[in-house]
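Let me begin by presenting the structure, written as structure tokens, before commenting on it.
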Amino acid sequence: KPQVHKPCQYFNLNKAMTIEEAQAFVGAEPCNIKTLTEKDLYCEPPEVQPQPKRRQKRDTINNLPEFIVLPGLYTT
């Protein structure tokens with residue numbers, strides 16, 4: 001089930017990148033992007049909650065996976 005998460009105030013997302021360029025991840029697993037608009041990026045998360053992506057520094061103690069958007073064609 002797609003989740004809606006709007007913690008920030010970014011605009012013009014669809015002018016900064018195309019839906020083909022954008023990459024989204026929940027933890028280390030890809031999130032299938034369904035819609036990219038001026039203010040919203042909607043994606044379908046993995047069926048099972050993935051492990052968090054390995055990072056040197058984490059700003060959370062609950063060890064939940066992060067939602068990461070890469071605005072371009074990056075190799076992960």
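The values are calculated or read from the model by the stated rules, or taken from the named source; none is laboratory data. Keep in mind it's a predicted model, so treat the numbers as computed, not measured. Glycine gets a Cβ as well: all are built from the backbone with ideal geometry, and neighbour counts include every protein chain shown.
Tabulated results
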{"quantity": "Qualifying residues in the range 36-73 (those that are of a type in the set (A, V, I, L, M) and at pLDDT below 85) - the one farthest from the chain's Cα centre (by Cα)", "calculated": "61"}
{"quantity": "Of all residues making up the range 33-43, the number that are more than 15 Å from residue 72 (Cα to Cα) and either surrounded by fewer than 15 Cβ atoms within 10 Å (Cβ to Cβ) or of a type in the set (Val, Ile, Thr) (or both)", "calculated": "6"}
{"quantity": "Those residues of the range 30-54 which are free of Cβ contacts under 8 Å to residues at least 24 places away in the same chain, touching a Cys at 6+ places or on another chain (Cβ under 8 Å) and assigned to a loop (DSSP other than H, G, I, E, B), in sequence order", "calculated": "46"}
